[in-house]
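Here's the structure we're looking at; comments come further down.
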Amino acid sequence: MKLYSFGDSFTQGLGTDRKTEHTLMGKDGDWDNWSEEKKNIQRTKVSKLWIENSFTHMFANKLKCQYKNFGHNGSTNMDIVEMIMKHSHLFEKGDLIIIGWTSSLRDKIPFWPRQVKYKWIAPSQQVKNNFLLPNTRGAQSIGEHTEEFNEELKNEKEIHEFFAKFTKGWLVEGYREEYYDLYNEQIIYFVQKFLDYNKLKYIMFNAFEPMLQSKSSLIDYKYYWTEGKESLWSLTKHNEDLLELQGWNVYEKHTPRHPSKLGHELFTQQLYKFYNKVHK
């Protein structure tokens, strides 16, 4: 058996050891003086640090199996589904797939034009409560830089001005919880059927917010940690030792803090108990 994990930064392992990460990325301004080759070497070291401090690494050690962590910071739920499909050629019967779902508002909204890429990084509830509205540059893209508009749009400034107003009004007037419940239900249902068809074991969990507001008869909750009632964030948020250090996450004012290495260790224990309950 091999273990494969998919998710966002909570799965990737970001935030598990901010001090070491800071040192590797060139503290005190070293980064700006490094060559691109040196920067790439250090990026690889940081990625390795995240992965080796993540619950995927710890869980695989408990199961005494090989693993691959495909978690990626900023992923949408559809990104996660597509990563599963992309790497499904690696799966063999009996392998274990771990899926950490992320914020619903990160996914592309199909009834908005494709030329506009708009996504909130913060938890859906925080956005919906209007505690966080899009900043002057709009939403964040999956990568390091904001990328709002397709190149074919020649009136970017005017469209940006419209969306700056429209999105705020949409959160109040146009947002429908029913849409996201249906969307997420269909995503989960598809992935479950795909994994079942390929005779794969799996565990799903929520990274920091619920995928569904109410229980769905379409979903098999047997392999969904706490049946989706809890999240990795809700497990760790009550103890500072289980969370990344304050002041290191650029989105800290708007997003839940990532689990520390100790937080990942605690979640590994929870996963191991759950695995033995549903897959033994």
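FYI, it's all coordinate maths here, none of it is from the lab. Everything quoted here is computed from the prediction, not taken from an experiment. Here Cβ is always computed from backbone atoms with ideal geometry, including for glycine, and neighbour counts include all displayed protein chains.
One table, with the values for the structure above:
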quantity: Long-range amide H partners of GLU244 with built H, under 5 Å; calculated: HIS258, SER260
quantity: Burial ordering of TYR4, TYR189, TYR183, fewest other beta-carbon atoms within 10 Å first; calculated: TYR189, TYR183, TYR4
quantity: Cα-only Debye scattering, the range 59-99: base-10 log of I(q)/I(0) at q = 0.19, 0.23 Å⁻¹; calculated: -0.64, -0.88
quantity: TYR224 long-range amide H proximity, modeled H, under 5 Å; calculated: MET204
quantity: The range 1-115 - Rg over Rh from alpha carbon coordinates, Kirkwood radius; calculated: 1.05
quantity: Extension gain from HIS87 to MET1, taking 0.36 nm per residue of separation minus the Cα-Cα distance; calculated: 29.4 nm
quantity: HN-Hα J in Hz across the range 46-58 - Karplus 6.51, -1.76, 1.60, θ = phi - 60°, x for Gly and Pro; calculated: 5, 4, 5, 4, 4, 5, 6, 9, 8, 4, 4, 4, 5
quantity: Anchor LYS165: lysines whose Cα lies under 25 Å away (excluding residues fewer than 8 positions away in-chain); calculated: LYS108, LYS117, LYS119, LYS128, LYS154, LYS157, LYS253
quantity: Extension reserve of the ARG176-GLU37 stretch, reckoned as 0.36 nm per residue once the Cα distance is removed; calculated: 45.3 nm
